[in-house]
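The values are calculated or read from the model by the stated rules, or taken from the named source; none is laboratory data. It should be emphasised that the depicted structure is a prediction, and the values quoted were computed from it without experimental measurement. Here Cβ is always computed from backbone atoms with ideal geometry, including for glycine, and neighbour counts include all displayed protein chains. Please note that ligands, DNA and RNA were not included when accessible areas were found on the heavy atoms of the full protein model with its side chains. Shrake-Rupley method; radii C 1.70, N 1.55, O 1.52, S 1.80 Å.
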Amino acid sequence: MGFQDKRCEEREIIAFHARLSTHLKNLKDKEVVVFADVTLNKGNAYNATTGKFTAPVKGHYSFTWTIATQSGAWFSTLLVINGKPISYNHVNGKSQGANHETGSSSVILKMEKNDVVSIIMYQTGEIAYGLWSSFSGFKL
């Protein structure tokens, strides 16, 4: 008998992961951090040219970003939705020691269709390491 439960069908997946393609140095306050090396972009909601994620449908979304910096440097970022500050991430490599430092932040947001999320600079930043710094998100 050909009974199939529609609830078990795979829904449209919206997910992305991108890394910095190069080291970023001396970005200005509120400048968008563009993670241009895209490793996954299911649903094509992340724009690697602008660094912005646009919600294709209403729903709840999870975002995580990690920034790596070198010893003696720091880098501060902020996740914004439609320009509104939501969550901060500060990586301080100026503490004692010669280690590179990383910092990660995660958020879950209720989004409407066409809401835009991006990672921007908070004040200024000295250096973020390419390939070690990433931004990802998905619809719950």
*J(HN,Hα) series, region 27-42, from Karplus relation 6.51 cos²θ - 1.76 cosθ + 1.60, nearest Hz, glycine and proline x*: 6, 8, 3, 6, 6, 6, 7, 9, 8, 8, 8, 7, 9, 7, 8, 6
*List the residues of region 103-126 whose backbone N lies under 18 Å from a point placed 7 Å from the Cα of ARG11 along the Cα-to-Cβ direction.*
108-115
*Taking the chain and dividing mean pair separation by its residue count, relative contact order in percent (alpha carbons under 8 Å, at least six apart)*: 37 percent
*asked:* Quick check on packing: order 67-78, 104-115, 29-40 by the mean number of other C-beta atoms within 10 Å, highest mean leading.
replied: 67-78, 29-40, 104-115
*Residue-wise HN-Hα coupling along region 128-139, computed from phi with Karplus coefficients 6.51, -1.76, 1.60 (Hz; x: Gly, Pro)*: 10, 7, x, 6, 8, 10, 8, 9, 9, x, 7, 7
*Theoretical gain in end-to-end length, VAL116 to ALA36 [0.36 nm per residue, Cα-Cα removed]*: 27.1 nm
*With a ≥ b ≥ c the root eigenvalues of the C-alpha gyration tensor of region 13-90, is it rounded (a/c under 1.5), prolate (a/b larger than b/c) or oblate?*
prolate
*Cβ charges +1 (Lys, Arg) and -1 (Asp, Glu), total dipole of the chain, debye*: 240 debye
*Quick one: which of 132-140, 20-28 comes out on top by average Cβ neighbours within 10 Å, and what's the full order, highest first?*
132-140, 20-28
*Enter the accessible area of TYR129 (Å², nearest 10), with the probe set to 1.4 Å and all protein chains included.*
40 Å²
*asked:* Using the Cα centre of region 55-117 as origin and beta-carbon charges of +1 (Lys, Arg) and -1 (Asp, Glu), tell me which of ILE81, VAL57, ILE67 is placed farthest towards the positive end of the dipole.
replied: VAL57
*asked:* Under a crude label model (7 Å from the Cα following the beta-carbon direction), how far is SER21 from ASN99 in nanometres?
replied: 3.2 nm
_Explain nothing, just compute: Karplus ³J(HN,Hα) = 6.51 cos²θ - 1.76 cosθ + 1.60, θ = phi - 60°, for every residue of region 54-60 in order, whole Hz, x for Gly and Pro._
10, 5, x, 9, 5, x, 9
*Which of rounded, prolate, oblate describes the chain, given a ≥ b ≥ c as roots of the alpha-carbon gyration tensor eigenvalues and a/c under 1.5 marking rounded, otherwise prolate only if a/b is larger than b/c?*
prolate
_Give me, ordered by chain and number, the residues 5 or more places off SER87 or on other chains with an amide H under 5 Å from its own placed amide H._
LEU79
_For region 26-56 versus region 82-137, the gap between their alpha-carbon centres in whole angstrom_ = 12 Å
*asked:* I want the local charge near VAL57. Using Cβ-Cβ distances under 14 Å, sum +1 for each Lys or Arg and -1 for each Asp or Glu among the other residues.
replied: +3
